[in-house]
Structures are given as structure tokens and as C-alpha cells.
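Novice: Mind having a look at this structure? Questions to follow.
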2 protein chains.
Amino acid sequence: MTQNIAPILMAGSWQTVAGAGTFQPDNPALGTPLPEIYPITSRAEVLKMLEAGSEAAGTLRATNGARIAEFLEAFAAGIEKQADALVEMAHAETGLPKSPRLKDVELPRTTDQLRQAARAAREGTWHEPVRDEAKNIYSHFAPLGGPVVVMGPNNFPFAFNSVAGGDFAAAIAAHNPVIAKANLAHPGTTRLLAEIAFAAVNATGLPPATVQMFYNTPNEAGFELVSHPLVGATAFTGSKTAGLKLKAAADTAGKPIYLEMSSVNPVVVLEGALQERGDQIAQEFFASCTLGAGQFCTNPGFVIVPDTAAGKKFVADAQAKFAAANPGILLGKRVLTGLVEAVALLQKHGAKLLCGGKPAEGPAYRFANTVLLASAADFLKSPHGLQTEAFGPVALLVLSQNTAETVAIIKHLEGNLTGTIYSETTGKDDADYAAIEPHLRQRVGRLVNDRMPTGVTVSPAMNHGGPFPATGHAGFTAVGLPASIRRFTALHCYDNVRPARLPAGIRS
Amino acid sequence: MTQNIAPILMAGSWQTVAGAGTFQPDNPALGTPLPEIYPITSRAEVLKMLEAGSEAAGTLRATNGARIAEFLEAFAAGIEKQADALVEMAHAETGLPKSPRLKDVELPRTTDQLRQAARAAREGTWHEPVRDEAKNIYSHFAPLGGPVVVMGPNNFPFAFNSVAGGDFAAAIAAHNPVIAKANLAHPGTTRLLAEIAFAAVNATGLPPATVQMFYNTPNEAGFELVSHPLVGATAFTGSKTAGLKLKAAADTAGKPIYLEMSSVNPVVVLEGALQERGDQIAQEFFASCTLGAGQFCTNPGFVIVPDTAAGKKFVADAQAKFAAANPGILLGKRVLTGLVEAVALLQKHGAKLLCGGKPAEGPAYRFANTVLLASAADFLKSPHGLQTEAFGPVALLVLSQNTAETVAIIKHLEGNLTGTIYSETTGKDDADYAAIEPHLRQRVGRLVNDRMPTGVTVSPAMNHGGPFPATGHAGFTAVGLPASIRRFTALHCYDNVRPARLPAGIRS
């Protein structure tokens, strides 16, 4: 039996192309291949998508924001109609639970983001016009003039999907076409979403190449894509290894690239908080670090606790909870391999394994819930190695002798998405907080108090970003509308331009 | 006689250090060395400045915006008090006319920018807080947490000076310390400005390392500076060659760098405009392109004219005006050498020399006003080579057969600061304008109608920026407050943080 190869969405139609080979994703709950076969798209096809996207960009720039909004809303409605099929496919491809996770949390989050982006497109607030009427100078943020390449992560098959998630919504809201590269862990989900998106494109009369989608391409073609003169910008969410290579290619060509790459999300638990509610914090930590098998970019993977009786009890509590719980199914074999490597690296750099540390038995891809321990002195000897991100249910606990040592640890931290401080509620930890906060603040995008960092609220005030290497630029956020749109815009000034030639809405 | 070596402003005091050698600037009007000797600062001293700047950053973050404003205002007042000495020194170092240029235009522009930055610091508008009170999430733009390195250009010894100009003012307004590297063409002016700035730092009680200044350093130390973990960001204005090397270093380390590197500032003159007022446009072009010996980043160096009788007359008029005028004094020997190389490169790529093309006689550094001509076909054969920037009184005129050819030319243009279209006033060129504008728009930061692009108004609506390689990122501007401040900020979110711990002003 000859199996069909899935088509890609290229230049305004679904096309089955020879490509540069094929691949087949796994069902991570069974550890066996899924039936579908997907093409590896060739360089020539990638360039064809760029040409088509570039032409669509010209049309979209001149398209009314209301029309863009209609598309985003039609897409959201289409996703809701196909919810069951999407949930089935995403579950088969990722092992994530159907309910509540996929059906009741992630899918509604995705449609909510699309509708928030629709509102932003309709209202046009993201343009942020600045007017100097006396001097006849106007400026505002405008589309990039080329397609946005979106490469989504493995861990949110809907909400960060390259053809439906937050980056997609933000790029489209600013009138940019999208060229989406599916994540290899869920090509079938991405294909379904692209089908719904393309139907909405046609129903609302946007240029057909507003949305294009492919599954995979050779590395060199990917580097050419993100650095091509016709590309507007790239949004990448994934591993630091891949992200840094893409960044190097885009940077050399002067093309904007927004990356979300890695984060250990340091948590500092102060002594007063431990004495006041140590049991509760240990439970929160365990729940947050093992939620979704720990596969969140905001997973608390690095916890600084005082080297006191209360701190040691916290470590013992955490170890017991992690060891007692069944590990969840991972998103794929690569995640499992990555965890084996990361934990070995942490141990090599002096971390002591308290529990877990190896794959769990059975056909499913799973890794035992894992706690490692290091002293502050260990950490200060190998600060880079002991910040290795282990993407899964793994955390490194670091025992600190005093506030000065905690500050010394934090001064060696690289950029992170989040940083969290737990402190006693009546003020006993306030002096420590004041000493620690300035150092943590400048190394993270979101500073949290008294709760774990997992759970990224979709709020205009959210910052899902942070200093390198958590992201590529600490001035932008990937979550929170309309702020996330800013990434996919250029600043356009009109100087002495005749009134009839100015963009609609730029004047008061 | 042993001459003294000028001190650098390092870690809170003026220090004479051995350094890694010395250099001596020229008087460009005489072509002879000026008396002062300046040190080439060593790597160890650069690192010392980084440490001191990093410590100052922590203090400045907690400093009231009003105090920052007082410093900027005291600095502006100090500049006015020393205006005569500054003008004398800048004139000797750059050859720019004392009046009106230095005394009546550039110096007041500089103090105006400092006072606008002071207003922004006092009002704190640049923080742009976003509030989600229901969810207890707040975000705003905050200082970078490390010093900003400013490397200023040769052509504005006051208004873009690394220790007093627009980048300096914007970085300080956002509570960042500055490490200024003087331009080699005017170290004495920069020293005087740094002395006034340092007096204002002390008078207003800011940390002494808020402002540091050195003159030169070996290339490798410069690359280490812009990529060092302690640096906040870098702002560079200068040549593309130097800019791209600094960008590569900063990008690899994930450190923000804002660059203003090169721009030929395309001007499209349409047929109707030529028939209506061709003489006037030729005069405007001549005046703009030779103003300040053409040494402006917004100099009109690339003009597309129709290959018609009116277009040929424009070319002949321009050639006559350029040939008849005495060339101005250049900023230095490097500018002269650069012009010789650039004009040779343009000719090598097929441009025909109509007038000028060589250094003018005499001791001063001067280059004959130069016009080159190419056909659209020539340009389309060597689009990259024929976009070589000649920094001085040089322009390439390109003859276009029709609108389609003009669009084809524009589609090959790299990113520019500005793009200008001259059109007939009653609408005869409107169809051509509509066909051309979308292509020009996406390749420039500022779109101008019916006047030359030189003269960058200090307005909140200004965009002095544009796509690569004009700058490093099309989303930011180097001129126009408060927008220019955004470059020197990071997005900080506070999630569930206790009210008393939130920054002042982040809540409504």
C-alpha cells in the first residue's frame, strides 16, 4: 500500500509536492509511529512561499482592519466547530490530556487570543499614532511589508501553534501574512488548523497567501528563509540550540527575529515564608513543576532555599512528593532524550540526584519526576552548567547560607522569563526581599510574588518575555495583546506628506 | 617638551592612564594635527568602566525621575555657559562653521534635546504602564540594569555627541548610566562636554559613574564592551563597516545594539513636478546635497528622474550647480578617503561621472561637489554597488524610462532612513505616486513629500530610523522624545506582587 503524503499550504492552495524527503511523527503515549506521512519541504518551495507571502503583504497593508478582524473571528469560530477533531488529533500527537487541558483550557485560550487580536485589528490601537500637526509630521507603527515566519513550540499544540497561536494572531493583527512551520511533534494538528484558517481566509476575501504552512525543511533552507530580503520577521519558540542558529542567520541579514528559547524560572523561598507555610509552598512547587509533565517554558526549575532546618524540610518534602507521583507522558522522544542529557549535565556540574533522573518504564515516553540538589558553593563553581534547562518534571534546589549568598547566586543567573520570591506575609522577610529583588528584577521579564510562575495569564499587562537567552530582546512580549503585536511592526513616519495620501486614522 | 595626555572620565573621576597608545586629531581646515594628545584606553580600563557603570545602574534605577531631570537641565545650562569654548573647539576639530551652524543651530538643538529628555524623565511617560488591576498584574518599561554604551558620529559634534547628544539624553532619561566613546574626529569637544556633564552629575547628586567617557580603544576591547554581560545596550552612529562588526559582537551575546549606519535617501522626482517647478527642485536638491559638505545621514544621494526632456534638463541643471560651487570643508581625512573610494566604486559599477569626482586642492580636506549618472538598466545590473553611500557632496542620478522601471529600481533598494517623492501640485502625478509609494514606504523610516530629507526635526512624531542596513531595527527611532527612550528600556511585569513593593506610579 502506498501512503499519501500530506499536502502543504503554499501560494494560495494545498499542494502535494515531492519535497526533500518525508517524516512521520510518533504517538508519545504508545511510542509508535502515527499513520500520517509529512513532506520535508525543499528550498525551492520555501522561496515560492516567500514570493507569494511578499505579494500578499502588499495587499494586506491596504486592507481594512475590520476585514482582518473578520478573518480572525471566522477562524476562531471554525476552530470551535472542529474542536472534537482538533482535540483528538492533538491528543494523539502530544499525549496531552483531552480534558481539561486540550478541550477546556488550551482551545478556549486559543480562540480567545484570536478574538482579542481581532479587536486590536478592528480598533487599530496597535498603530499608536503620534501627531505633530503644527509641523505636519505623523508617525505610527505599520505592517512589516513582508511575511512573518512563525515556528511554534511542541508544548502548546493550539495556543502557541504556528498557524493559530499567539504569534500568528499578533502577526496577522498587524496586517502581515504568515508562513507557518509546523512543529514536528504535531503536524496533523497544525494541518487541521491550517485548513480551518485557509477556509476563513477564503470566506473573508483576504489574499490566499495570507496563510501558508509547511511542516519541515532542511536546516539551510530554514536559515535562508529567516534571513531572506523578502521576509518581514520571524517568531520562534523552541530550543536554545535551534533558536541561536536561526538568530545568527537572521541577525547577519539584519532581519528581526523574536525568540523564546529557554528559562529555568528561578524561585527564591525566604526563611519566614518557609516557617509560616513551608508545607503549602512545597505542595505548590511540586504541583507547578510536574504540571503537564513539567513541559512549560515557565516551569520552576531552579529553587533557592535557605540552608536551615526549614529549608531542609522543604527539600525533603519536595523529594518525597516528586518521588511518589507518577510521571506524565512527554510530548515526544526528543523531550525524553533532552531530559536524559540535561540531568546528566546537571550532575556532571555537581548537582546531586535526590530522586528520579531516568526514563520511566513502559511504552510511553516518560521521565521520572526528578529533584536535584546543590550548594551555593557548587553553583558558584559552575553557574552556567547548573543553569541547564531540563524541559520536563525536573528541578534543581540550591541551598543558600544567607542573603549575600542568594544575591551572589542571582548575579550569576542568565536572563529568564520569570523570577519568583516567596516571603512571609506579615513582613518578616521584607529586608531580605529588598536586598534580593533589584538583582532578580533585572534578570527576568515577569516578577512574581507568592505563587508559582506557571500559568501565563492572557492580559494586556502580561510580559511573556525577558532578557537573553530567555528571549532575543527584553523589550518585547510574546503574550498580551495589543503589546505582542509591536514585534511585527515597523515605525513609519510621514513628513510633509499631503493629507489625502496619509494612512487612514493617522490624523486625529 | 613632553605633552600631557588628556584624562578619561572613569569610575567617578578624571584619570590619566597609560592606556594602549595615543592619537592626535587633525584640524581639517588646515590639514595639520591639533595640539592635544588623547589616550587609547586599554581593555582593563574598559572593564573598570563597565563595573562602575553597572553599580551606578543599580542606584539610578532607584533614583527619582525629578533628580534625573535636574541633572539633564543642569547639564543643558552648563553647555550654554560654555558655549563659546565649545564652539571654538568644535570648529577647530570639525571645520564646521561657527555661525550659524555650531552656535546658532546645533548647540541650541542639543540643549533643547536635553531639556526634552528632562521633561520625559520628570513626567515618567516613557514607562508606559499597563495595568490589569483585577488580575493584579502590572507592567511598564524600566531601565536596562546596566550602562548604555554610546558611540557617536563625526558629523554632529554637539547634537549627536556620545556624551551630550540624542542617544545620551534618551539613555539617561530612562535612568541608565552612559559610557561614552568619543568620536575620533572631535575628542576635545567631547572632553569639554564630559566635563560639563560631570559637574552637573556632582551638583545634582547622581552616582559619579552615571557619566563615563573615553576616546578610543582597540577594536577587540570595543567588541568585548558591547557584548559584555554587564552592559545594558549600545547605541552606535557611524560607518556601516564598523557598525556591522559591533552588531555581530553584540548579537552573538544577545545584547541590544541600536545602529544608525548608512542611507542614500532615495528621492523620486516625477515628471509633472519637473514640468511644473524643475528649476526650483534642482536648486533644492543642490542646496540639500551640498549643505554641510553633504555630511548628513539624510543627505539625498540617490535621485530617480524620468528620462525625458524635463529630466535631462534637471540633470544638466544639477551638474551645473554642483560644478560651479566651492566644496565645503570635510570633517576629517577619513571622510575624504571614504569619498574617493565610494566614487570609484560607483564608477566601477557603471555610474558615469558628470562633474567633480576628486579631492579639491589646498591644505583643507575637501572633495569636489560630484554628480554621477546611471540608467535604470545600469542600476538593475549592479543594484548593490550603485547603492554605495558616498558620505559627502555626492549624488547619483538615475534615469528611469517609466513608472514600472522606477518601481523595479525601488524594489532593489536596501533599507534607508528616508524616501522622498516630488510630485506635481494639482494631481497630475497622482497615479504614479500611488504606484510608487507602497514600494518606497516599506523601505524607509520617514517618507517625505515635496522637500528634501535633510533637516531632522526634533518632534515626538519624528522617526529617524528605518530598515536595515540604515539601522539595526526598523521599530525604533533615534530622534524624537519620548519615543527614542524606548531603545534603552526593558519590559518589566509584576505579577501578584504586593502593592508596597510595586514601583512608584505603576498603579493608577
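Novice: With the requirement that a residue be of a type in the set (Gly, Ala, Ser) and within 18 Å of B:Ala117 (Cβ to Cβ), what does region B:164-198 give you?
Specialist: Listed by number, the residues that qualify are B:Ala164, B:Gly165, B:Gly166, B:Ala169, B:Ala170, B:Ala171, B:Ala173, B:Ala174, B:Ala180, B:Ala194, B:Ala197.
Novice: So, one more: What strands (runs of 3 or more DSSP E), lying completely within region A:232-313, carry at least 3 residues that are under 24 Å from A:Pro153 (Cβ atoms) and either among the β-branched types (Val, Ile, Thr) or open to solvent by 10 Å² or more (accessible area, probe 1.4 Å) (or both)?
Specialist: Because the criterion is at least 3 residues that are under 24 Å from A:Pro153 (Cβ atoms) and either among the β-branched types (Val, Ile, Thr) or open to solvent by 10 Å² or more (accessible area, probe 1.4 Å) (or both), the strands (runs of 3 or more DSSP E) in region A:232-313 that meet it are A:233-237, A:257-260.
Novice: Residue check, A:Pro469 against (1) farther than 20 Å from B:Arg61 by Cβ; (2) open to solvent by 20 Å² or more (accessible area, probe 1.4 Å); (3) at the interface with chain B (Cβ under 10 Å from one of its Cβ atoms), all met but one. Which one?
Specialist: (2)
Novice: Could you tell me how many of the residues in region B:443-460 are facing another protein chain (nearest Cβ under 7 Å) and within 21 Å of the chain's Cα centre (by Cα)?
Specialist: 8
Novice: Inspect all residues belonging to region A:441-461 and state whether any of them is buried (at least 21 other Cβ atoms within 10 Å of the Cβ) and out of contact with any strand residue (DSSP E or B) (no Cβ under 9 Å at 6 or more places or on another chain).
Specialist: There is no residue in region A:441-461 that is buried (at least 21 other Cβ atoms within 10 Å of the Cβ) and out of contact with any strand residue (DSSP E or B) (no Cβ under 9 Å at 6 or more places or on another chain).
Novice: Quick check on B:Val398: is it under 23 Å from B:Gln442 (Cβ atoms), part of a strand (DSSP E or B), touching a residue at least 12 places away in the same chain (Cβ under 8 Å) and not polar (S, T, N, Q)?
Specialist: Criteria met by B:Val398.
Novice: Would you kindly identify the helices (runs of 4 or more DSSP H) lying entirely within region A:39-117 that contain at least 2 residues that are within 16 Å of A:Gly188 (Cα to Cα) and open to solvent by 50 Å² or more (accessible area, probe 1.4 Å)?
Specialist: In region A:39-117, the matching helices (runs of 4 or more DSSP H) lie at A:83-94.
Novice: Also: Taking the conditions exactly as written (touching a residue at least 24 places away in the same chain (Cβ under 8 Å), of a type in the set (D, E, K, R) and within 9 Å of another protein chain (Cβ to nearest Cβ)), does A:Arg501 satisfy them or not?
Specialist: Judged against the criteria, A:Arg501 is not a match.
Novice: Okay, moving on. From the list A:Ile179, A:Ile172, pick out the single residue that is in contact with a strand residue (DSSP E or B) (Cβ under 7 Å, 6 or more places away or on another chain), part of a strand (DSSP E or B) and at pLDDT 95 or above.
Specialist: Among A:Ile179, A:Ile172, only A:Ile179 is in contact with a strand residue (DSSP E or B) (Cβ under 7 Å, 6 or more places away or on another chain), part of a strand (DSSP E or B) and at pLDDT 95 or above.
Novice: Does A:Arg507 count as facing chain B (nearest Cβ under 8 Å) and surrounded by fewer than 22 Cβ atoms within 10 Å (Cβ to Cβ)?
Specialist: For A:Arg507, the condition - facing chain B (nearest Cβ under 8 Å) and surrounded by fewer than 22 Cβ atoms within 10 Å (Cβ to Cβ) - is not met.
Novice: All but one of (1) within 14 Å of chain B (Cβ to nearest Cβ); (2) in contact with an Asp or Glu (Cβ under 7 Å, 6 or more places away or on another chain); (3) assigned to a helix (DSSP H, G or I); (4) within 30 Å of A:Asn27 (Cα to Cα) hold for A:Gly188; state the number of the condition that does not hold.
Specialist: (1)
Novice: Would you check if there is a residue in region A:420-441 being farther than 30 Å from A:Ala173 by Cα, at the interface with chain B (Cβ under 8 Å from one of its Cβ atoms) and basic (Lys, Arg)?
Specialist: Yes: region A:420-441 contains one or more residues that are farther than 30 Å from A:Ala173 by Cα, at the interface with chain B (Cβ under 8 Å from one of its Cβ atoms) and basic (Lys, Arg).
Novice: So how many residues does region A:259-270 have that are within 11 Å of chain B (Cβ to nearest Cβ) and closer than 17 Å to A:Phe488 by Cβ?
Specialist: The total comes to 1.
Novice: Could you list all residues from region B:42-59 that are under 30 Å from B:Ala142 (Cβ atoms) and of a type in the set (S, T, N, Q)?
Specialist: B:Ser54, B:Thr59
Conditions (1) on the phi < 0 side of the Ramachandran plot; (2) out of contact with any Asp or Glu (no Cβ under 9 Å at 6 or more places or on another chain), marked per residue:
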{"position": "A:His127", "(1), (2)": "yes, yes"}
{"position": "A:Ala142", "(1), (2)": "yes, yes"}
{"position": "A:Gly145", "(1), (2)": "no, yes"}
{"position": "A:Pro153", "(1), (2)": "yes, no"}
{"position": "A:Phe156", "(1), (2)": "yes, no"}
{"position": "A:Ala169", "(1), (2)": "yes, yes"}
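Novice: Here are some conditions: (1) among the hydrophobic types (A, V, I, L, M, F, W, C); (2) touching a strand residue (DSSP E or B) at 6+ places or on another chain (Cβ under 6 Å); (3) part of a helix (DSSP H, G or I). B:Val371 meets all but one. Which one does it not meet?
Specialist: B:Val371 satisfies all of (1) among the hydrophobic types (A, V, I, L, M, F, W, C); (2) touching a strand residue (DSSP E or B) at 6+ places or on another chain (Cβ under 6 Å); (3) part of a helix (DSSP H, G or I) except (3).
Novice: While we're looking at this one, here's another question. Inspect all residues belonging to region A:56-72 and state whether any of them is modelled with pLDDT of 95 or more and farther than 30 Å from B:His439 by Cβ.
Specialist: No: region A:56-72 contains no residue that is modelled with pLDDT of 95 or more and farther than 30 Å from B:His439 by Cβ.
The values are calculated or read from the model by the stated rules, or taken from the named source; none is laboratory data. Nothing here was measured: the structure is a model prediction, and the numbers come from that model. FYI the Cβ positions are ideal-geometry reconstructions off the backbone, even for glycines, and counts take in every protein chain you see. To get the accessible areas, we keep the full protein, side chains included, count just its heavy atoms, and leave off ligands, DNA and RNA. Shrake-Rupley method; radii C 1.70, N 1.55, O 1.52, S 1.80 Å.
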